[in-house]
Amino acid sequence: MHSPVFSKMFFGQFIEREKMEVEQSHYLLQEFVQLLLVFFPEPIESSDQTVFFIAKLADRFEIKGVLNAVEKHLLASRKLTNEMKLRVAESYRFDQL
């Protein structure tokens, strides 16, 4: 499983394990769908518009592979300012930026 948080929610001793639907109120559904599309079923890359909320959700759900992809995107992006990149790098402990 890509996320230890998902693993605990669905296979651990949480009530989500028994539910067919998991309620959420901390993020937008469209943003969560974009997060899932980064690694499932066929990975897509983040864009300059999605990279910030994808980083936030990947950190929340502890999805290291997605955080690595976000860091690579930031390194390659020519449109984002260095200030924007450094803000994200500090928030999510990216070493390469």
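A few points about this structure:
- Once the Cα gyration tensor of the chain is diagonalised, semi-axes √(5λ) in Å: 27, 13, 12
- Taking 20 Å as the straight-line reach from the Cα of Lys56, the aspartates and glutamates in range (excluding those fewer than 8 positions away in the same chain) are Glu23, Glu31, Glu45, Asp48, Glu71, Glu83, Glu90, Asp95.
- Dividing the summed -39500 (n - 2.57) terms of all DSSP H runs of n ≥ 4 by the residue count of the chain sets its mean residue ellipticity at 222 nm at -16500 deg cm²/dmol.
- Cβ crowding within 10 Å averaged over residues, with 75-81, 58-64 ranked highest first: 58-64, 75-81
Computed from the coordinates by the stated procedures, all read-outs in this text should not be read as laboratory data. Remember, predicted model here, so these are calculated numbers, not experimental data. Glycine gets a Cβ as well: all are built from the backbone with ideal geometry, and neighbour counts include every protein chain shown.
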